[in-house]
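Worksheet: one structure, shown below.
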Amino acid sequence: MAENFHRFLYGGDYNPDQWLEYPDILKEDIRMMKEAHINTVTLGVFAWSKLEPQDGVYDFDWMEEIIDRLYENGIYVNLATPSGARPHWLADKYPEVLQVDESRRRQIFGLRHNACFTSPAYRMKVYQINRKLAERFDRHPGVILWHVSNEYGGECHCPLCQQAFRDWLKEKYHTIDEINRRWNTAFWSHTYQSFDQIESPSSIGESSIHGLYLDWRRFMSYQITDFCRAEIRALRDGGALKKTTANFMYNYSLINYHELAQAVDIVSWDNYPQWHHQKEPVTAMKSAMQHDIMRSIKKEPFLLMESCPGPTNWSPVSKLKRPGILEAASLQAVAHGSDSVLYFQIRKGRGGFEKFHGAVIDHYGKSDDRVYQECCQVGEDLERLTQVNFSKVESQAAVIYDWENRWALEESCGPRNENMFYKEAVEKSYSAFRKLGLNVDVIDSMQELDCYKVVAAPLLYMFRPGFAEKVRRYVSGGGRFILTYWSGVVDENDLCVLGGTPGGLMDVMGLRSTEIDALYEGENNEMISAGDGRRYTCEHLCQLVDLKTAKPLYLYGGDFYAGTAAATENDFGSGKAYYICADAEQKFYDDLYAGIVAEAGIRKVFSGEIPEGIAVSVRTDAENEYIFIQNYNPQPTAFLPEMEDAELMLGELTGEMKPFSTAVLKRKKR
Ligand code: GLA
Ligand code: ZN
């Protein structure tokens, strides 16, 4: 792609297959795309029944004509494989492609994203069409990238998937005895005698064995990744040389994206924050973290594959984006490492489920439309920022947000079953670093730590194999490591650690976690600084600890454990390990992390403080730093950073930033 394209990709999903009977509209679309500086569209995501109207009968001519016409007009194509939704004839002829849900009920034809990923018939039909698409279009100079399927997800419990699950388990554990041991199936007398008895978790069957649940999640992740690899193999067999991507989703739990990402060349994702529900800086921070998750998977620039120019239509209330938000959200993606701003969709569909979903071109169809005008503005901005394309995001701080830990933590029973607030705990650490103006990587617990000066691991209930040893090396080598309550409790099969927690890190943390107190909604406790007496509230979970070498930084203010440690610090080797015992309010994290970051000698972009609601991110190439400053406050905000030798690439810095405005500065790398 890089060789084919040097600008930011700007555009989005385009569905001319819904408009083939409106030739004037297709012509007008191209005119309006050019006016909006659009240079890329994603084609064919849901076009299978137009591409293969009958089993084995292909019609690609209309597609070729559209690709040609776009190319003549300077618009490039991400070409999709159509497996996200299948034609009616396919489900009729091969009913095995229809998913079976967890209660063992087979679906009838309808909707999308609901095929069986194991079905040999589905895999065969996808193979055939992908290969043919590659043979016909990969060499087209207008095609720059393969968009494999759409938003992979879901799960299937059909007999084919059950068998594949058993085979996968056999390969992993070899014997049924080993499964019984690793899943602790003696509980409630659920011991298996043979692999054939194993069934995926179900509300009408087994839901008490957490090890089974975890391996089912891992298997589905594996199976979807395998399906994706098979799709790509079909493209390569058809001669495809161009790169591939698959579009990921916001905080999607069911697929471990670190695994799926290995199948594709480029990570891309779909971002649909619901603006103006919470305060804008909060929404912006949550969305920033998701961008950083996506970037951190490969530690490479990613693509924003979908976003919405206007309001979406699938949430309970579809609020309009206030003027300026589209530009801010689009540039936020770029600030965090995206080399594209792509929308769903270019032209608003006429009928069906998404007819009121925001789009670049409204049903009205003319340029004097507010949303369209804002899209034109984003297109202009991206052209001014062309030099930033391909630059990297380098982070000295990281927060761990681990998919497998999430599965384990959320499925387990106790100490709180309504909500463990895992994502929220990660967001607190993330946002404390971000408020200091730091770039932050959001990584998986299997990733390397040594490249960071400080790493936070909130609520890391499950320590995956090798994690404790890695942390030990990291801290003894000088790293700063922050762990919280309810961490290091179980192994990768959700079996509890024996002999004390956090498992394998008691000496590194200088303490042992003893009991954990779960608080009812509305209850809280206090954390009081052992130094200056500052007080913060905490809620949900309070871990009690037994100190060995750790020093208490904060003490609980209330309850029978008042006066015992609520946050600690421990010197270990040449580094330091911190432990946060309770779910503290945001301000606690902000203040604690400011101190840790200062002590760790982390270089910041600006020396001064960053006002609330202003976000700072930096991209870097061999020569330059590109500094993005965004005001997410709905009111003007005073901010004038000291920026010697910096050149303004976009926006203005007059001392007061307008609501939702962005300034981009460039300076020589230091
Ligand atoms: C997802 C899908 C798109 C579209 C949008 C609507 O991201 O990939 O096809 O349905 O949602 O928000
Ligand atoms: Zn299946």
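The values are calculated or read from the model by the stated rules, or taken from the named source; none is laboratory data. Nothing here was measured: the structure is a model prediction, and the numbers come from that model. Note: ideal-geometry Cβ built from the backbone for every residue, glycine included; neighbour counts use all protein chains shown. With ligands, DNA and RNA removed, areas are computed over all heavy atoms of the protein, side chains included. Shrake-Rupley method; radii C 1.70, N 1.55, O 1.52, S 1.80 Å.
Take the alpha carbon atoms of region 9-82, find their center, do the same for region 188-263, and report the distance between the two centers in whole angstrom.
Cα centroid of region 9-82 versus Cα centroid of region 188-263: 31 Å apart.
Once the cut-off is 19 Å, how many percent of the Cα-Cα pairs in region 312-395 end up in the long-distance tail? Could the numbers behind the result be given before it?
Values: 1573 of 3486 pairs.
Taking all Cα-Cα pairs of region 312-395, the fraction more than 19 Å apart is 45 percent.
Provide the packing ranking of 652-661, 419-428, i.e. peptides ordered by the mean count of other C-beta atoms within 10 Å per residue, highest first.
Values: 652-661: 16.5, 419-428: 20.2.
Put in order of decreasing packing, that is 419-428, 652-661.
Roll a 1.4 Å probe over the protein heavy atoms and report the accessible area of Thr225 in Å², nearest 10.
Counting only protein heavy atoms, the figure is 0 Å².
Could you sort Arg603, Arg136, Arg350 by accessible area so the largest value comes first, with the probe set to 1.4 Å? Intermediate results must be reported in sequence, preceding the final value.
On the way: Arg603 125, Arg136 90, Arg350 160 Å².
Descending accessible area places them as Arg350, Arg603, Arg136.
I need to check one value: relative contact order of region 1-131, counting alpha carbon pairs closer than 8 Å and at least 6 residues apart, in percent. List each step's numbers first, then the result.
Numbers: 145 pairs, mean separation 26.8, N = 131.
Once divided by the residue count of region 1-131, the mean separation gives 20 percent.
How much accessible area per residue does region 86-129 have, counting only protein heavy atoms and a probe of 1.4 Å, in square angstrom?
On the way: 2150 Å² over 44 residues.
With all protein chains present, region 86-129 gives 49 Å² per residue.
Just order 362-371, 630-639 by mean Cβ neighbour count inside 10 Å, highest at the front, would you? Kindly include the intermediate steps, with their values, before the conclusion.
Details: 362-371: 13.4, 630-639: 18.7.
Descending packing order for the listed peptides: 630-639, 362-371.
Let me check against my output: what whole-number percent is the relative contact order of the chain, with C-alpha pairs under 8 Å and at least 6 apart?
Worked out over the chain, it gives 11 percent.
Separation of region 150-185 and region 340-410 by C-alpha centroid, Å?
Using only Cα atoms to place each centre, the spacing works out to 37 Å.
Mind scanning Lys428/Lys604; Lys321/Lys392; Lys286/Lys668; Lys348/Lys658; Lys392/Lys470; Lys392/Lys435 and naming the pairs with a C-alpha gap bigger than 23 Å? Spell out each step's value before the answer.
Working: Lys428/Lys604 20 Å; Lys321/Lys392 29 Å; Lys286/Lys668 30 Å; Lys348/Lys658 31 Å; Lys392/Lys470 26 Å; Lys392/Lys435 20 Å.
Checking Cα-Cα distances, Lys321/Lys392; Lys286/Lys668; Lys348/Lys658; Lys392/Lys470 exceed 23 Å.
List the equivalent ellipsoid semi-axes of the chain in whole Å, largest first, each obtained as the square root of 5λ for an eigenvalue λ of the Cα gyration tensor.
Values: eigenvalues 351, 244, 83 Å².
Working from the Cα gyration tensor, I get semi-axes of 42, 35, 20 Å.
Straight-line reach from Lys132: which lysines have Cα under 21 Å away, leaving out those fewer than 8 places along the same chain?
Lys50, Lys93, Lys242, Lys243
Quick one: pull the percent of accessible area on region 315-431 belonging to carbon and sulfur, 1.4 Å probe, ligands and nucleic acids left out.
On the way: 2190 of 4380 Å².
Carbon-and-sulfur percentage of accessible area, whole number: 50.
Given the C-alpha atoms of region 124-193, compute the convex hull and give its volume per residue in Å³. Mind dumping the intermediate values first?
Working: hull volume 10.9 nm³, N = 70.
Hull volume normalised by residue count: 156 Å³.
Which order do the peptides 173-184, 204-215, 535-546 come out in when sorted by mean C-beta neighbours inside 10 angstrom, highest first?
Details: 173-184: 16.0, 204-215: 18.8, 535-546: 20.5.
Going from most to least packed, we get 535-546, 204-215, 173-184.
Taking the full set of protein chains and a 1.4 angstrom probe, give the accessible area of Tyr22 in square angstrom, rounded to the nearest 10.
Looks like 80 Å² after rounding.
Calculate for the chain the 222 nm mean residue ellipticity that helices alone would give, adding -39,500 (n - 2.57) per DSSP H run of length 4 or more and normalising by residue count, nearest 500 deg cm²/dmol. Could the numbers behind the result be given before it?
On the way: 17 runs with 204 residues, N = 670.
Rounded to the nearest 500, it is -9500 deg cm²/dmol.
Give the separation of the Cα centroids, region 529-605 to region 86-106, in Å.
Cα centroid of region 529-605 versus Cα centroid of region 86-106: 53 Å apart.
Which whole-number percentage describes the relative contact order of region 575-670, with Cα contacts under 8 Å and a sequence gap of 6 or more? Don't skip to the answer; put the middle values down first.
Details: 130 pairs, mean separation 23.2, N = 96.
Here the relative contact order equals 24 percent.
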